[in-house]
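Reading through the structure tokens given below for one structure.
The values are calculated or read from the model by the stated rules, or taken from the named source; none is laboratory data. Quantities reported herein were computed from a predicted structural model and do not represent experimental measurements. Backbone-built Cβ (ideal geometry, glycine too); neighbour counts: all protein chains shown. Side chains are part of the model used for accessible areas, which takes the heavy atoms of the whole protein and leaves out ligands, DNA and RNA. Shrake-Rupley method; radii C 1.70, N 1.55, O 1.52, S 1.80 Å.
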Amino acid sequence: MRVFLIGFMGSGKSYIGKGLATLLKMEYCDLDLKIEEKATLSISKIFEQFGQEHFRLLEQAALHDTLMLEDTIISTGGGAPCFFDNVSWMNREGLTIYLDTPAELLAARLRSEMEHRPLLAHLSQDELVQFIEEKVESRRHFYEQAQIIWFQNHENQSDWSSLIEKIQARLSDPGKI
């Protein structure tokens, strides 16, 4: 079984993915790290040197390579579900979970790493929340195709018990996936 975590950058896909993998006794895979390893370049360098279209092709190839993984939590990039019908593919090949996170919480998490994120590097602090709101809204159609939607807020961002219960219920009944 593969569990794909989707959501906007800063939603905690990597952090939560590692934690869930430990708690559920599963393996963990960060799709962006797999892309960087295979390309021997950082995501920002791939964007800078080859553009977004090339990156999205690398991302799709890395995503399809996850078919070799079993019992793995996979953190995807924020845009991964939005290209090449990737969200439908993930829904067919595993369980998808959308980490739905308010723009203000995303901005608070992303402020310190803006220069390392290609889509944010050119923004001022004031432009960040507006950019996030607009980008999340443009991707919402893809994100909300996930089989589980878990809304995060300041109170539950460290309490994953309800999310774990939902995952375990789905994993115990593969017919629901």
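With K and R counted +1 and D and E -1, the other residues having a Cβ less than 14 Å from that of Val129 yield a net charge of -3.
With each label modelled as a point 7 angstrom along the Cα→C-beta vector, the His116-Gln52 pair spans 2.2 nm.
How much net charge surrounds Leu41 when only other residues with a Cβ under 12 Å from its Cβ are counted (Lys, Arg +1; Asp, Glu -1)?
-2
In terms of Cα to Cα distance under 12 Å, which aspartates and glutamates are near enough to Lys38, apart from those fewer than 8 places away along the same chain? Straight-distance partners of Lys38: Glu59, Asp65.
The charge dipole of the chain, taken about the Cα centre with unit charges on the Cβ atoms of Lys, Arg (+1) and Asp, Glu (-1), comes to about 340 debye, rounded to the nearest 20. The charge dipole of the range 123-168, taken about the Cα centre with unit charges on the Cβ atoms of Lys, Arg (+1) and Asp, Glu (-1), comes to about 260 debye, rounded to the nearest 20.
Centre-to-centre, using Cα atoms only, the range 24-79 and the range 133-159 are separated by 20 Å.
Give me the accessible area per residue for the chain, probe 1.4 Å, as a whole number in Å².
51
3J(HN,Hα) along the range 114-130, derived from phi through the Karplus expression 6.51 cos²θ - 1.76 cosθ + 1.60 where θ = phi - 60°, amounts to 4, 5, 9, 10, x, 7, 10, 4, 8, 8, 7, 4, 5, 7, 4, 4, 4 Hz, with x in place of Gly and Pro. Along the range 61-78 the Karplus relation, 6.51 cos²θ - 1.76 cosθ + 1.60 evaluated at θ = phi - 60°, assigns HN-Hα couplings of 4, 5, 4, 5, 5, 5, 4, 6, 8, 10, 6, 9, 8, 10, 8, 9, x, x Hz to successive residues, with x for each Gly and Pro. Close amide H pairs (under 5 Å, H built 1.01 Å from N) link Tyr28 with Ile73, residues at least 5 positions away or on another chain. By the rule of a C-alpha distance below 16 Å, with chain neighbours fewer than 8 residues away ignored, the aspartates and glutamates paired with Lys25 are Glu70, Asp71, Glu165.
Round to a whole number: what % of the accessible area of the chain belongs to carbon and sulfur, probe 1.4 Å? Whole-percent figure for carbon plus sulfur exposure: 51.
Can you compute the FRET efficiency between His64 and Ser124 using 1/(1 + (r/R0)^6), with r the Cβ-Cβ distance and R0 = 30 Å? Round to the nearest 0.05. According to the calculation, E is roughly 0.20. For the range 61-177, the fraction of C-alpha pairs more than 21 angstrom apart is 46%. Scalar couplings 3J(HN,Hα) for the range 18-25, obtained by applying the Karplus form with A = 6.51, B = -1.76, C = 1.60 to θ = phi - 60°, are 4, x, 5, 4, 5, 5, 9, 6 Hz; x denotes Gly and Pro.
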